[in-house]
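Participant: One structure is given below, represented as C-alpha cells, and several questions about it will come after.
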C-alpha cells in the first residue's frame with residue numbers, strides 16, 4: 001500500500017523529508033526527485049568537503065538524480081551544522097554556492113525546481129528567495145505517524161553500530177568456530193587426536209550439507225543464533241564461493257542460491273564462467289530484491305560479526321557492507337568497510353565495494369519507482 005504524504009507549504013515539506021528518507025539527515029544535501037506533483041523517495045549525499053571539485057560533485061549528484069525514471073522536477077534540502085553569515089545586505093545561507101550550481105544544472109536539463117531549502121541550527125530558510133529570512137525550527141511539523149514507518153529521529157548513521165554482545169557469548173562462538181573448523185578438516189566423527197567430537201559441532205557440519213537450505217533457514221530466526229550456527233555461518237563467510245552463494249541468494253531466492261552454488265562449483269572444477277545474470281546481481285542489476293529479505297539478512301550478518309573472533313570479522317562485515325549498499329544505505333556500508341580496514345586493509349570484497357561507493361555506483365534497482373528504501377550515496 002502506498003502512503004500519500006501532502007505538504008501545503010515549505011515548512012510542511014520539511015516535516016515530510018525524514019519520512020521520505022527514512023532518517024533525519026545531518027550534514028547532508030537531500031535531492032528529492034518528483035514526477036509531476038509527487039516526490040518518489042529521497043537521495044542523500046554528504047555536504048561537499050573543501051577539497052572536492054565542485055563541478056564533479058554537482059555532475060555526480062544530478063547524474064544520480066537523472067537515473068530515477070520519469071523525474072521531471074527536483075527539490076533540494078540542505079541540512080547543516082553551519083550557521084548563516086549575517087552581512088549588511090542580509091544573510092547568506094550555508095552551501096549557497098553548491099545549491100546554486102545544483103539548481104542551475106537541474107534547470108539546464110529541463111527539470112522544474114520545486115523548492116530549495118536550508119535547515120541550520122538557528123532556523124530554516126529558502127534559497128529561492130532573493131532576501132532569505134530565517135524562520136523558527138519549531139515551524140517544521142513533526143514527522144507524521146505512519147504505520148510501518150520506523151523511528152526517523154536518528155541521522156543517516158543511526159543503526160549502523162553492531163549489536164552489543166557480552167564476552168561469554170563471543171568466547172562460545174570462538175570455541176565453536178575452532179571445533180567446527182577442526183572437524184571439517186578431519187574425520188567427521190573424531191578430532192585430530194581421535195577423541196569424539198562435540199555432537200553440536202557434528203550437527204553444524206550436517207547443516208552445511210545443503211548450503212542454500214542452511215542460508216535460507218537462517219532467515220527464519222535471524223537473531224540470537226546458537227553459537228554453532230553462528231560458527232557455521234562464519235566458516236562459510238570466510239570462503240568466498242560459499243559467501244557469494246549466501247549474498248546472492250539473500251538478494252533473490254532459494255532457487256537462485258542453488259544455481260549460484262552449482263556455478264561456483266563448476267568454476268572451481270574447470271573455471272566455467274558464472275552466468276552474467278548471477279554476477280549482475282552483485283553489481284545491483286536485475287529485479288529489485290525483497291527489502292525485508294535483505295534487511296533480515298543484514299541482521300544475521302551484523303550479529304555474526306559482533307560475535308566473531310577478530311580475525312573472522314572482516315567477512316561478515318564486508319557482507320554487511322554489500323547488503324547495506326543494496327538497501328541504498330551507503331553511509332552504513334562505509335561504516336562497515338571502515339571496520340574491515342581496521343583489521344584487514346586489503347580484504348578483497350571490502351576493497352571492491354569501497355571502489356563502487358567511491359565511484360558513486362548505486363544499485364540499478366535503487367532508481368526504480370516504488371522502492372521503499374532510501375537512496376543514500
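Participant: Please go through the range 130-159 and give me each residue that is modelled with pLDDT of 90 or more and surrounded by 14 or more Cβ atoms within 10 Å (Cβ to Cβ), ordered by number.
Facilitator: Scanning the range 130-159 gives 132, 134, 135, 137, 139, 140.
Participant: Any idea which residue in the range 54-64 is farthest from residue 105 (Cα to Cα), counting only those that are exposed (fewer than 14 other Cβ atoms within 10 Å of the Cβ) and out of contact with any helix residue (DSSP H, G or I) (no Cβ under 9 Å at 6 or more places or on another chain)?
Facilitator: Going through the qualifying residues, I end up with 56.
Participant: Only one of these conditions is not met by residue 285: (1) in contact with a helix residue (DSSP H, G or I) (Cβ under 6 Å, 6 or more places away or on another chain); (2) under 26 Å from residue 230 (Cα atoms). Which number is it?
Facilitator: Of everything listed in (1) in contact with a helix residue (DSSP H, G or I) (Cβ under 6 Å, 6 or more places away or on another chain); (2) under 26 Å from residue 230 (Cα atoms), residue 285 misses just condition (2).
Participant: Another question, if that's okay. Would you check which residues across the range 73-104 are over 26 Å from residue 156 (Cα atoms) and surrounded by 15 or more Cβ atoms within 10 Å (Cβ to Cβ) and list them?
Facilitator: Listed by number, the list holds a single entry, 91.
Participant: Do any strands (runs of 3 or more DSSP E) entirely within the range 80-120 hold 3 or more residues that are in contact (Cβ under 8 Å) with a residue 12 or more places away in the chain and under 30 Å from the mean Cα position of the chain (by Cα), and if so, which?
Facilitator: Correct list: 112-120.
Participant: I would also like to ask the following. Of everything in the range 259-272 that's in contact with a helix residue (DSSP H, G or I) (Cβ under 7 Å, 6 or more places away or on another chain) and surrounded by fewer than 17 Cβ atoms within 10 Å (Cβ to Cβ), which residue is farthest from residue 170 (Cα to Cα)?
Facilitator: 272
Participant: What's the total number of residues in the range 45-73 that are in a strand (DSSP E or B) and within 23 Å of the chain's Cα centre (by Cα)?
Facilitator: Number satisfying all stated conditions: 2.
Participant: Quick one: in the range 318-372, of everything that is in a helix (DSSP H, G or I) and in contact with a strand residue (DSSP E or B) (Cβ under 7 Å, 6 or more places away or on another chain), which residue is surrounded by the most Cβ atoms within 10 Å (Cβ to Cβ)?
Facilitator: 330
Participant: Let me ask something else. Among the residues of the range 16-51, count how many are out of contact with any strand residue (DSSP E or B) (no Cβ under 9 Å at 6 or more places or on another chain) and surrounded by fewer than 18 Cβ atoms within 10 Å (Cβ to Cβ).
Facilitator: 4
The values are calculated or read from the model by the stated rules, or taken from the named source; none is laboratory data. The shown structure was predicted, so the numbers you read here are calculated from the model rather than taken from an experiment. Positions of Cβ are backbone-derived with ideal geometry, glycine not excepted, and every protein chain shown enters the neighbour counts.
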